[in-house]
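Read-outs throughout are calculated quantities, based only on the coordinates presented, and are distinct from any laboratory measurement. Here the structure is a predicted model, which means the values were calculated and not measured. Note that we place each Cβ from the backbone using ideal geometry, even for glycine, and neighbour counts take in every protein chain shown.
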Amino acid sequence: MCLGDHPPTGSVAATTLLDHFLEDRMDAIRRFASALHHRRPVPDMRVSPYRRRNLRQMLRILDGRRSGATYQEIAEVVLGADHVSATAWKTLPERDTVMRRFREGTKLVEGGYRSLLFRHHPQT
């Protein structure tokens, strides 16, 4: 057993259920074994690099909105959008991106983050 911050000193066994989450559990066991034996980490493929970048942007956008920034101010900082007039802003694709990532980020914060834990069978 692994208790607290102390790594196990002897052999370790992993017990898991044989249900529809088996592949996800096996991935976690492989990552654990790699860390246990101080080997190169097994990549966690539950979140692609593209999705990981979007998740970072979502969190930054949520932080910006909760700090009182406008969508346009956020787009300038997070996406590097140019400062434009309010009229021109309404037609920029960056506006749609910021608003969409805000909606998606809000869903994650409200419990949707659990879907990130399952690669093979998303939680329903």
The orientation-averaged projected area of the Cα convex hull of region 52-124, in nm², is 5.4
Comparing MET99, MET45, MET58 in a Gaussian network model of the chain (Cα, 10 Å), the one with the largest mean-square fluctuation is MET45
Amide H proximity to PHE118 below 5 Å, modelled H, separation 5+ or other chain, gives GLN123
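Taking 0.36 nm per residue of separation and subtracting the Cα-Cα distance, what length does fully extending VAL77 through ARG25 add? Walk me through the numbers on the way to the answer.
Details: separation 52, 0.36 × 52 = 18.72 nm, distance 3.84 nm.
Gain on extension, VAL77 to ARG25, equals 14.9 nm.
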Here the equivalent ellipsoid of region 1-45, derived from its Cα gyration tensor, has semi-axes (largest first, whole Å) of 20, 15, 8
Contact order relative to length for the chain, counting C-alpha pairs under 8 Å separated by 6 or more residues, stands in percent at 27
Simple spin-label estimate for VAL109/ARG53, 7 Å along Cα→Cβ, in nm, reads 2.4
Phi-derived 3J(HN,Hα) across region 60-66 with the Karplus relation (6.51, -1.76, 1.60, θ = phi - 60°), rounded Hz, x for Gly and Pro, is 5, 5, 4, 4, x, 5, 5
Quick calc: nm separation of the 7 Å Cα→Cβ label points for LYS90 and PHE118 -> 4.2
In a Gaussian network model of the chain with springs linking alpha carbons closer than 10 Å, the residue among ARG95, ARG66, ARG52 that fluctuates most is ARG66
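If packing is taken as the average number of other Cβ atoms within 10 Å across a peptide's residues, how do 37-43, 21-27 rank, most packed first?
Highest to lowest by the protection proxy: 21-27, 37-43.
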Cα pairs beyond 21 Å in the chain, in percent, come to 57
Whole-Hz Karplus couplings 3J(HN,Hα) for region 68-83, θ = phi - 60° and coefficients 6.51, -1.76, 1.60, Gly and Pro as x, run x, 6, 7, 4, 5, 4, 5, 4, 5, 7, 7, 9, x, 5, 6, 6
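Near ILE61, within a Cβ-to-Cβ distance under 14 Å, what is the net charge of the other residues, with Lys and Arg +1 and Asp and Glu -1?
On the way: positive: ARG53, ARG56, ARG60, ARG65, ARG66, ARG95, ARG100, ARG101, ARG103, LYS107; negative: ASP63, GLU73, GLU76, GLU94, ASP96, GLU104.
My count for the surroundings of ILE61 gives +4.
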